[in-house]
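The values are calculated or read from the model by the stated rules, or taken from the named source; none is laboratory data. For clarity, every value in this text was computed on a predicted model and none was experimentally measured. Here the Cβ is made from the backbone with ideal geometry for all residues, glycine too, and neighbour counts use every protein chain on show.
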Amino acid sequence: MKELLSRYPVSPQATQNTHINADKYQQMYQQSIEQPDVFWAEQAEQFIDWYKPWKQVSEVNYQTADISWFKGGQLNVSYNCIDRHLASKANQTAIIFEGDEPTDDFRVSYQELHDNVCRLANLLKTRGVSKGDRVCIYMPMIPEVGYAMLACARIGAVHSVVFGGFSTESIKARVLDADCQVVITADEGVRGGKKIPLKANVDAALVDCPDVHSVIMVERTGVEVNWQDQRDVNYQEVINHYEPMCEPEMMDAEDPLFILYTSGSTGKPKGVLHTCGGYILYAAMTHKYVFDYQEGEIYWCTADAGWITGHSYIFYGPLANGATTLVFEGVPTYPDAGRCWQVCEKHQVNIFYTAPTAIRALMGLGDELVEKHDRSSIRLLGTVGEPINPEAWHWYYEVVGQSCCSIVDTWWQTETGGILITSLPGAVDMKPGAAGKPFFGVKPAIVSKEGDVLEGEARGRLVMTGSWPGQMRTVYGDHQRFFDTYFSQYTGYYFTGDGAKRDADGFYWITGRIDDVLNVSGHRLGTAEIESALVLHPKVAEAAVVGYPHEIKGQGIYCYVTLMSGVDCQQSLTEELQALVADELGRFAKPDYIQFAPGLPKTRSGKIMRRILRKIAENELENLGDTSTLADPSVVKDLIDNRIVHG
Ligand code: PRX
């Protein structure tokens with residue numbers, strides 16, 4: 001059997017041409033920590049074009065959660081992603097579009113990107129959108145989703161992209177929370193041969209959103225849709241009437257760029273707000289160094305634009321660097337599970353970035369589907385979204401990468417804007433399963449539950465000391481929630497919500513969320529959101545949701561449901577409840593298991609003891625811990641007797 005290494009040193013061959021090598025990493029990291037403002041000022045000058053210089057590099061106060069970078073500096077993000085490349089790259093491909101069907105593809109040059117973005121920006125203006133207004137984008141993975149984001153950035157509107165897999169209810173909640181008055185969508189999305197009725201979902205959501213006055217719809221499939229003449233605009237019918245020139249709005253570095261909703265441990269999803277200057281600098285710089293992006297290379301990130309990975313590493317980072325970025329409409333298993341490698345071969349992809357859940361799913365389907373495609377163009381493979389298990393890492397490294405590509409693990413969050421911990425290629429050794437070392441300017445620390453900072457080899461909770469330019473600035477409309485969620489637990493630190501350990505070599509290993517946030521196939525979900533959906537059912541009295549380890553998805557969703565008295569728990573009710581959650585939140589949130597439970601384990605003060613529920617869902621019954629503080633310890637026996645034994 002082949003020996004599986006636990007550490008792969010940076011090979012001399014790999015260091016020859018990378019932007020950063022081990023020495024340079026040390027030297028730059030040191031400077032970034034010792035003189036952060038000097039370091040970031042240099043980077044901001046190098047990576048970004050400014051109309052006006054900033055007055056102050058950074059102002060950070062974690063006591064009040066007030067954070068600013070490059071305040072007073074003026075720039076436009078869409079200018080930085082498009083216009084400044086035109087002199088040398090007007091005809092270079094900015095976006096390669098690969099459709100759901102393998103025969104469907106085309107390229108968009110930087111000049112075409114410019115013209116398309118400007119036209120849409122002008123259309124938005126004529127619908128009354130101006131600086132500071134919020135625009136909701138609910139789109140499939142087609143180039144127009146990028147045009148929409150950049151058109152907003154161009155005129156200073158704040159976009160809020162809602163993942164195309166989200167349901168009507170989720171669209172409504174997000175449109176209302178951000179008070180969006182315009183929605184950009186498509187008639188339908190197409191994924192894996194299936195159609196998704198995006199316009200119909202928007203129509204249904206907007207019944208309760210009276211302030212939305214305009215819906216711009218891109219025709220993707222040409223299906224017949226309901227139409228409201230005053231409100232709805234057909235993109236294809238009107239877009240060529242608009243000028244392909246639109247002066248970019250001058251924005252302050254701290255003006256908002258976008259809102260992106262993400263799940264937390266309590267309450268409704270939070271509108272994470274990112275601003276222009278710090279975000280685009282951090283996205284551009286991490287994209288260049290973490291993926292070691294070299295001029296002319298083809299870069300493919302398989303994420304969806306509805307998640308932060310799509311924002312930072314399909315559109316903003318790569319385009320700010322003048323890269324060629326591939327936008328993929330489909331799924332890795334359609335028409336067959338060799339699709340990713342077929343696309344890599346077809347478009348000669350050099351850098352491929354995906355999630356461990358996709359790697360695990362493909363790994364299970366055999367090596368032939370990989371090996372039948374030529375992967376010699378690929379030189380770097382990335383992963384994101386959850387810890388990668390060493391088995392999947394080795395398969396990615398050996399089978400996909402033929403043991404000659406660097407694998408870059410990237411740990412970060414919607415809140416961080418860009419990658420914070422990583423195995424920087426050519427600079428940091430690869431340890432399968434470890435996220436790696438901090439990026440420039442990032443100072444992680446590990447604290448105990450009580451908040452003691454642990455030195456050296458340690459296991460505890462991951463926090464950040466100090467700020468970095470890509471950090472979120474507030475929760476839209478609720479600054480107190482921003483402070484409470486991230487800065488109230490450990491005074492003076494940003495709390496990530498993740499557990500982590502640091503090994504003797506200073507590598508960070510993420511051990512998973514320590515709060516009630518689940519990571520299901522790389523989708524972040526709050527257990528509270530699923531519980532709220534379940535209790536909408538008239539037969540449900542109470543619900544508690546936990547995660548359990550799932551071979552492919554990372555985590556699966558296990559629900560304990562207490563019914564109203566007198567209600568029978570039939571199979572049909574399980575299906576109804578699964579459908580209800582899928583309707584409320586989206587199909588990816590559909591529970592795997594629902595156990596009907598006459599009672600839930602609660603403390604005398606009424607708090608549900610999730611620790612016990614987690615253990616039962618994991619089938620780890622030996623180690624239930626102390627149950628003597630429960631108000632009614634006998635419920636545990638019932639839960640165990642009726643547990644659903646799986647996998
Ligand atoms: O638990 C961590 C996990 O994903 C969470 C952030 O989720 P989200 O905001 O949706 O962003 C995902 C893409 C950046 C983190 O708190 N996570 C993300 N990347 C990794 C990871 N866990 C381990 N290793 C990673 N590389």
If Pro102 meets every condition in (1) outside any loop (DSSP other than H, G, I, E, B); (2) surrounded by fewer than 19 Cβ atoms within 10 Å (Cβ to Cβ); (3) in contact with a Lys or Arg (Cβ under 8 Å, 6 or more places away or on another chain) apart from one, which number is that one? (1)
Failed item, numbered, when Tyr397 is tested on (1) closer than 18 Å to Ala355 by Cβ; (2) without any contact (Cβ under 8 Å) to a residue 24 or more places away in the chain: (2)
Keeping to the stretch 471-513, report how many residues are under 28 Å from Phe258 (Cβ atoms), in contact (Cβ under 8 Å) with a residue 12 or more places away in the chain and of a type in the set (D, E, K, R). 5
Would you point out which residue out of Arg524, Arg461 is part of a strand (DSSP E or B), within 12 Å of the ligand (Cβ to nearest atom) and crowded, with 22+ Cβ neighbours inside 10 Å? Arg461
Looking at Asp626, Asp583, which is the one that is at pLDDT below 95, under 30 Å from Ala361 (Cβ atoms) and not basic (Lys, Arg)? Asp583
Only residues that are surrounded by 21 or more Cβ atoms within 10 Å (Cβ to Cβ) and over 16 Å from Ser423 (Cβ atoms): list them for the stretch 376-406, please. Ile378, Val400
Would you mind listing the helices (runs of 4 or more DSSP H) fully within the stretch 340-457 where at least 3 residues are polar (S, T, N, Q) and away from the ligand (no atom under 16 Å from the Cβ)? none
Among the residues of the stretch 524-539, are any within 18 Å of the chain's Cα centre (by Cα), aliphatic (A, V, I, L, M) and outside the structural domain of Glu620 (by the TED database)? no
Matching residues in the stretch 527-554 - criterion: being assigned to a strand (DSSP E or B), in contact with a Ser or Thr (Cβ under 8 Å, 6 or more places away or on another chain) and away from the ligand (no atom under 11 Å from the Cβ): Val540, Ala541, Glu542, Ala543, Ala544, Val545, Val546, Gly547
Just one of Gly470, Gly499 is modelled with pLDDT of 95 or more, buried (at least 23 other Cβ atoms within 10 Å of the Cβ) and within 16 Å of the ligand (Cβ to nearest atom); which is it? Gly470
Filter result (over 15 Å from Gly441 (Cα atoms) and either of a type in the set (D, E, K, R) or assigned to a helix (DSSP H, G or I) (or both)) within the stretch 23-74: Asp23, Glu45, Gln46, Phe47, Asp49, Lys52, Lys55, Asp66, Lys71
Residue among Gln480, Gln489 that alone is more than 22 Å from the chain's Cα centre (by Cα), outside any strand (DSSP E or B) and within 16 Å of the ligand (Cβ to nearest atom): Gln489
Selected residue [touching a helix residue (DSSP H, G or I) at 6+ places or on another chain (Cβ under 9 Å), free of Cβ contacts under 8 Å to residues at least 60 places away in the same chain, assigned by the TED database to the domain that holds Met139 and away from the ligand (no atom under 16 Å from the Cβ)] from Asp255, Asp292, Asp232: Asp232
Of the conditions (1) surrounded by fewer than 24 Cβ atoms within 10 Å (Cβ to Cβ); (2) in contact (Cβ under 8 Å) with a residue 40 or more places away in the chain, Lys449 satisfies every one except a single condition; which number is it? (2)
Checked Gly310, Gly306 against criteria (within 16 Å of the ligand (Cβ to nearest atom), assigned to a helix (DSSP H, G or I) and buried (at least 22 other Cβ atoms within 10 Å of the Cβ)); the one match is Gly310
Here the residues within the stretch 550-564 that are farther than 13 Å from Tyr593 by Cα and either in contact with a strand residue (DSSP E or B) (Cβ under 8 Å, 6 or more places away or on another chain) or outside the structural domain of Val635 (by the TED database) (or both) are Lys553, Gly554, Thr562, Leu563, Met564
